[in-house]
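Chemist: Got a structure here, written out as structure tokens. Questions coming.
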Amino acid sequence: MLQQKIKELAKQYASEFIEVRHHLHAHPELSYQEFETSKFVQQKLTEYNIPFEVKAITGVIGLIEGKNPHSRIVALRADMDALPIQEENNVPYKSTKPGIMHACGHDVHTTGLLGAAKILAETKNEWEGTVKLIFQPGEEKNPGGASLLIKEGVLENPKPQCIFGLHVNPQLELGKLSFRDGKVMASADEIYITVKGKGGHAAAPNLTSDTILIASHLVVALQQIISRNNSPFSPSVLSITSFNGGFTTNVIPTEVKLMGTFRAMDEEWRFKAHDLIRRTTENLVRSMGAEVDLHIDVGYPTVYNHEGLHQHAKQIAKDFMGDANVEETEVRMGAEDFGFYSQKIPGCFFRLGTGNTEKGITHGVHTPLFDIDERAIEFGIGIMAYFGAMANPSY
Ligand SMILES: [Zn+2]
Ligand SMILES: [Zn+2]
């Protein structure tokens, strides 16, 4: 039976792919600079006799055809980029690049998809349809590798009927997977504001427009946008995270710069809020006698898990991992560029348990001590291969 075979192959290849993960972990690359990683993925696909194309400079798109290649088309996605973090783990596979670390587990995602690719290629006479492998650049940084790949046609020729994406979760115990339907992660947009005024001597504020005071009022006013305009039933966050201006005690500066992030779970509210942020900023700053530059860098959309696909995926996951090992995951205000795919085709973004409280493997993603229990690699490979072989896009 195919399920049994995939399980056995995932077990058999586990140590080989733990080595693959060590290699990727030791050689992390920042967003849109995944040149060595891309080469490595291309070499592996060549080794497995899987044809591929390169898109968006470092993205690698592979195609594995099973029986009746046109009968069903399923996409599997992994991201490849690392973060500007100095690794503090003392492990043999520690990052060899100062200040760069695979602290979001994208090395694990790339490894998981390579392992799944090897298994799917080996079993291609035993399943129906085509599996499209998407190794994407730049998940951690706007505009998002997913959006670049979509512009370059990754969801066409052939057009996948559904897409799966896996993410490590150190807060979920080893051996478990977690799913949720509907909106699972927030949209994320960056806000950049410069308040520009006359400035001058601090002892004569009447002759200036006080950019510090105006910017302070603005921070408070922006905080009220969500509390007074957004539905209390739809989570949304606005955080001003940087406030920069002035350099001494007796000068009112001519410029104050603010930065922040805006997150939402509803695309309609998201763009309405952009207008409110713009209006509030311009009206308030002008009414207090200064000028303002505002830029909203539109980032990733919400990640939406299609209800039907979610139900189906959860059932497949239960068949593969056992009922007790499939859980419900929480909503997060973090963002993921997987949202770009799930806006276009039915998508399912789920989590792979990589934590182990007994062994103290609990550090969160995006921290210098993040690591995984590597026995998770076997499950990651297995479940991605199983979705590739078994997911039925008509549910
Ligand atoms: Zn991340
Ligand atoms: Zn990530």
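The values are calculated or read from the model by the stated rules, or taken from the named source; none is laboratory data. Since the model is a prediction, treat every value here as computed from it, not as a measurement. Please note: Cβ atoms are built from the backbone with ideal geometry, for glycine as well, and neighbour counts cover all protein chains shown. SASA here: full protein model, heavy atoms, side chains in, ligands and nucleic acids out. Shrake-Rupley method; radii C 1.70, N 1.55, O 1.52, S 1.80 Å.
Chemist: Can you list residues whose amide H is under 5 Å from residue 172's amide H, if they're 5+ apart or on another chain and H is modeled 1.01 Å from N?
Modeler: Placed amide hydrogens put 354, 355 under 5 Å from residue 172.
Chemist: Also, I was wondering about something else. What angle, in degrees between 0 and 90 and rounded to the nearest 10, separates the Cα long axis of helix 376-390 from the longest principal axis of the Cα atoms of the chain?
Modeler: 70
Chemist: Would you calculate a helix-derived [θ] at 222 nm for the chain, using -39,500 (n - 2.57) for each DSSP H run of n ≥ 4 and dividing by the full residue count, to the nearest 500?
Modeler: It lands at -11500 deg cm²/dmol.
Chemist: Right, here's the next one. Quick one: if the Förster radius is 22 Å, what FRET efficiency do residue 275 and residue 242 give, using the C-beta to C-beta distance and rounding to 0.05?
Modeler: Taking R0 as 22 Å, the efficiency between residue 275 and residue 242 is 0.45.
Chemist: So, one more: Excluding residues on the same chain fewer than 8 positions from residue 196, give the aspartates and glutamates whose Cα lies under 13 Å from its Cα.
Modeler: Residue 196 reaches 210, 255, 282, 291, 293.
Chemist: Same structure, new question: Output the Cα-based Rg and Dmax of the chain in Å, rounding Rg to one decimal and Dmax to a whole number.
Modeler: Both quantities, over Cα of the chain: 23.7, 83 Å.
Chemist: Additional query: If you count the DSSP beta bridges with both ends in the chain, what percent of them are antiparallel, to the nearest 5?
Modeler: Working: 46 of 71 bridges.
That works out to approximately 65 percent antiparallel.
Chemist: For region 312-360, state which GluC sites (Glu not before Pro) are in a DSSP loop and have at most 12 other beta carbons lying within 10 Å of their beta carbon. Write out the running numbers ahead of the final one.
Modeler: Values: sites: 327, 328, 330, 336, 358; in loops: 330, 336, 358.
Those that pass, being in a loop and sparsely packed, are 330, 358.
Chemist: Among the DSSP beta bridges whose two residues both lie in region 55-162, what percent are antiparallel, rounded to the nearest 5?
Modeler: Expressed as a percentage, antiparallel bridges in region 55-162 total about 45.
Chemist: Could you let me know the centre-to-centre spacing of region 232-260 and region 93-134, using Cα atoms, in angstrom?
Modeler: Cα centroid to Cα centroid, the span is 41 Å.
Chemist: Give me the distance between the Cα centres of region 149-190 and region 1-80, rounded to whole Å.
Modeler: Between the Cα centre of region 149-190 and that of region 1-80, the gap is 16 Å.
Chemist: Further question on the same structure: Packing-wise, with mean Cβ within 10 Å as the measure, how do 13-21, 349-357 rank, highest first?
Modeler: Final packing ranking: 349-357, 13-21.
Chemist: Sticking with this one: Arranged from highest to lowest average of other beta-carbon atoms within 10 Å per residue, in what order do the peptides 389-395, 170-176, 200-206 appear?
Modeler: The packing order, highest mean first, is 170-176, 389-395, 200-206.
Chemist: Estimate the FRET efficiency between residue 297 and residue 126 by the formula 1/(1 + (r/R0)^6), using the beta-carbon distance for r and 56 Å for R0, to the nearest 0.05.
Modeler: E between residue 297 and residue 126, to the nearest 0.05, is 0.75.
Chemist: Give me the angle, in degrees from 0 to 90, between the Cα long axis of helix 2-26 and the longest principal axis of the Cα atoms of the chain, rounded to the nearest 10.
Modeler: Approximately 50 degrees, to the nearest ten.
Chemist: Can you give me the three principal axis dimensions of region 321-386 from its C-alpha atoms, in Å, biggest first?
Modeler: 40, 30, 20
Chemist: Across the Cα atoms of region 15-150, what radius of gyration and what greatest pairwise Cα-Cα distance (Dmax) are found, in Å?
Modeler: Answer for region 15-150, Rg first and Dmax second: 15.1, 49 Å.
Chemist: Step through the table entries 67/318; 118/344; 44/97; 183/257, compare each Cα-Cα distance with 31 Å, and write down the pairs that go over it.
Modeler: Values: 67/318 25 Å; 118/344 28 Å; 44/97 23 Å; 183/257 33 Å.
Going by Cα-Cα distance, 183/257 fall outside the 31 Å limit.
Chemist: When N is the residue count of region 176-286, what does its C-alpha Rg come to as a fraction of 2.2 N^0.38 Å?
Modeler: Normalised Cα radius of gyration, region 176-286: 1.33.
Chemist: Give, in nm to one decimal, the length gained when the segment between residue 220 and residue 198 is fully stretched (0.36 nm per residue of separation minus the Cα-Cα distance).
Modeler: So the chain would gain 5.7 nm between residue 220 and residue 198.
Chemist: So, taking all protein chains as they sit and a 1.4 Å probe, how much accessible area belongs to residue 36, in Å² rounded to tens?
Modeler: 100
Chemist: While we're here: At a Förster radius of 35 Å, what calculated FRET efficiency corresponds to the Cβ-Cβ distance of residue 8 and residue 46, to the nearest 0.05?
Modeler: 0.90
Chemist: Ignoring any ligand, DNA or RNA, what whole percent of the accessible area of region 245-395 comes from carbon and sulfur when the probe is 1.4 angstrom? All intermediate terms of the calculation are to be shown ahead of the outcome.
Modeler: Values: 3190 of 6500 Å².
That fraction is 49 percent.
Chemist: Any chance you could give the angle, 0 to 90 degrees and rounded to 10, that helix 267-287 forms with the longest Cα principal axis of the chain?
Modeler: Rounded to the nearest ten degrees, it is 20.
Chemist: Can you give the three extents of the C-alpha atoms in region 226-358 along their principal axes, from longest to shortest, in whole Å?
Modeler: Extents along the principal axes: 68, 39, 25 Å.
Chemist: Compute the relative contact order of the chain as a whole-number percentage, counting only Cα pairs closer than 8 Å that sit 6 or more residues apart in sequence.
Modeler: 24
Chemist: What is the packing order of peptides 365-373, 223-231, 301-309, 110-118, taking the mean over residues of other C-beta atoms within 10 Å and listing the highest first?
Modeler: 110-118, 301-309, 365-373, 223-231
Chemist: Can you return the lysines within cross-link range of residue 359? Criterion is Cα-Cα under 19 Å, with same-chain partners fewer than 8 residues away left out.
Modeler: The reachable lysines, counting only those whose Cα sits under 19 Å from residue 359, are 94, 176.
Chemist: Calculate, for the chain, the solvent-accessible area per residue in square angstrom, rolling a 1.4 angstrom probe over the heavy atoms of the protein chains.
Modeler: Heavy-atom accessible area per residue stands at 42 Å².
Chemist: Which of the chymotrypsin sites (Phe, Trp or Tyr not before Pro) found in region 231-271 are loop residues per DSSP with 10 or fewer other Cβ atoms within 10 Å of their Cβ?
Modeler: Of the chymotrypsin sites (Phe, Trp or Tyr not before Pro), the ones in loops of region 231-271 whose Cβ has at most 10 other Cβ atoms within 10 Å are 233, 247.
Chemist: A further question follows. Give me the percent of the accessible area of region 1-144 that comes from carbon and sulfur atoms, probe 1.4 Å, all protein chains in place.
Modeler: With neighbouring chains kept in place, the figure for region 1-144 is 53 percent.
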